[in-house]
Amino acid sequence: MFRILCLVLRVSASRCYTLAMSKENKEAVEKTIIVEHLVKNFEVTERKPGLAGSISSLFSPQKKIIRALKSISFSINKGELVGFIGPNGAGKTTTLKVLSGLLFPTAGFIQVMGFDPWTRRPEFLKQISLIMGQKNQLWWDLPAIETLELNRAIYEIPQNIYKESFDELVELLEVKKFLNTPVRKLSLGQRMRLELVAALLHHPKVLFLDEPTIGLDVVAQQKVRDFIFEYNRKHSATIMLTSHNMDDLIDLAKRVIVIDKGQILFDGNLKELVVQFAKEKIIKVYLSKEADIKKLDEIGKIKRFDFPQAILAVPREATAVAAAELLQNFPVADLTIEEEPIEEIIRRVFRGEVIKKKNG
Ligand SMILES: Nc1ncnc2c1ncn2[C@@H]1O[C@H](COP(=O)(O)OP(=O)(O)OP(=O)(O)O)[C@@H](O)[C@H]1O
Ligand SMILES: [Mg+2]
């Protein structure tokens with residue numbers, strides 16, 4: 001009935017859904033995060049170089065608009081863990097800050113668990129957490145346990161729930177022995193794990209993780225990843241994760257949203273990303289006799305040649321021709337054609353090369 005009314009009033013389908021849910025004041029919305037045509041502009045004053053420039057900027061400041069997010073739309077269901085990736089300056093942190101209510105959107109419609117984030121209502125803040133790998137909330141000179149106690153008071157976590165949550169997190173993240181050491185004396189990895197405890201004590205239902213493994217060694221990265229996976233599974237938490245670490249994505253995210261220059265380029269399964277953005281296919285051939293490597297090079301880019309195996313990269317559209325040429329002109333014992341490894345594609349996404357492909 002409500003949907004029909006929405007149709008009559010020409011309200012978009014997802015907004016109609018949201019209106020319906022907020023009208024019924026249901027907390028358990030299926031779409032935990034809804035973003036429609038989100039725009040975020042920053043106004044900055046441009047400073048001209050030199051003293052004269054500084055003085056002129058003072059009297060006639062030159063304003064410049066940075067269009068960090070240019071009308072992005074997506075939605076995330078309850079319990080989903082989504083990788084949010086793109087090159088530097090793409091708009092990832094800006095999006096997470098808007099979603100957690102730290103930044104006011106310039107335009108667009110956003111809802112997180114039925115709340116408007118920028119109103120920063122306590123009921124909203126108690127259910128989310130924004131964790132930034134480069135920023136910390138733990139007090140530098142105090143042992144972490146004291147910040148945790150402080151967070152208990154801020155979030156008004158009842159003592160019994162705090163204890164349960166504290167014990168669980170301390171065990172999962174293996175941080176018991178660092179709790180009483182002043183934070184400044186801890187390693188980055190130890191600190192990051194304690195940051196996670198501090199950010200999750202109140203059992204947020206939505207987590208915004210901005211580069212959670214940045215600067216950590218491989219062992220600590222894996223611990224943090226395992227923990228995120230477990231937290232998502234155990235609490236059906238909805239998680240948005242930005243990372244430049246491809247292991248984070250391959251391990252954790254089934255779905256990825258790719259953003260570049262404030263626009264969404266891709267939203268879908270990590271495996272589909274390969275199909276959409278892979279430029280090359282990989283041909284593996286096993287030769288029955290030695291062959292002229294120079295001739296092989298004419299067919300495709302040789303990635304490895306270690307007799308009897310040769311690995312060639314060829315443009316996607318030329319795969320069939322390349323395979324036929326190999327079979328015809330070389331002593332081939334076996335031949336397989338594979339997709340470009342996912343790591344290679346993600347690497348290109350991080351470098352911002354995918355947009356070049358899209359725009360030709
Ligand atoms: N407070 C601000 N004032 C002005 N410009 C800003 C501000 N915050 C971000 N920007 C600009 O908005 C754009 C998007 O920045 P954002 O931090 O969201 O990128 P990002 O995708 O998180 O990049 P990174 O991978 O480097 O963390 C950039 O051009 C950045 O310079
Ligand atoms: Mg960022």
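The values are calculated or read from the model by the stated rules, or taken from the named source; none is laboratory data. In this text the structure is predicted, and so the values were computed from the model without any measurement. So basically every Cβ, Gly included, is an ideal-geometry build from the backbone, and we count neighbours across all protein chains shown.
Within region 158-214, the set of residues being closer than 21 Å to His235 by Cα, more than 16 Å from ligand 1 (Cβ to nearest atom) and in contact with a strand residue (DSSP E or B) (Cβ under 6 Å, 6 or more places away or on another chain) comprises Ala199, Pro204, Val206, Leu207. Among the residues of region 248-284, the ones that are part of a helix (DSSP H, G or I) and within 16 Å of ligand 2 (Cβ to nearest atom) come to 2 in all.
Selection of first residues in region 82-104 that are of a type in the set (Phe, Trp, Tyr) and modelled with pLDDT of 95 or more and of second residues that are assigned to a strand (DSSP E or B) and within 8 Å of ligand 1 (Cβ to nearest atom), restricted to Cβ pairs under 7 Å at least 6 apart or on distinct chains, gives an empty result.
Yes or no: region 112-126 includes at least one residue that is part of a loop (DSSP other than H, G, I, E, B), within 12 Å of ligand 1 (Cβ to nearest atom) and not hydroxyl-bearing (Ser, Thr, Tyr). No, region 112-126 contains no residue that is part of a loop (DSSP other than H, G, I, E, B), within 12 Å of ligand 1 (Cβ to nearest atom) and not hydroxyl-bearing (Ser, Thr, Tyr). Only a single criterion out of (1) more than 13 Å from ligand 2 (Cβ to nearest atom); (2) over 18 Å from Pro212 (Cβ atoms); (3) touching a residue at least 60 places away in the same chain (Cβ under 8 Å) is not satisfied by Pro117, namely (3).
Residue by residue, here is whether (1) outside any loop (DSSP other than H, G, I, E, B); (2) touching an Asp or Glu at 6+ places or on another chain (Cβ under 9 Å); (3) not assigned by TED's automatic domain parsing to the domain that holds Thr238 holds:
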site	(1), (2), (3)
Leu130	yes, yes, no
Trp139	no, yes, no
Leu148	yes, no, no
Asn151	yes, no, no
Glu156	no, no, no
Lys163	yes, no, no
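Lys70 falls short of the stated requirement of being touching a residue at least 12 places away in the same chain (Cβ under 8 Å), closer than 22 Å to His37 by Cβ and within 16 Å of ligand 2 (Cβ to nearest atom).
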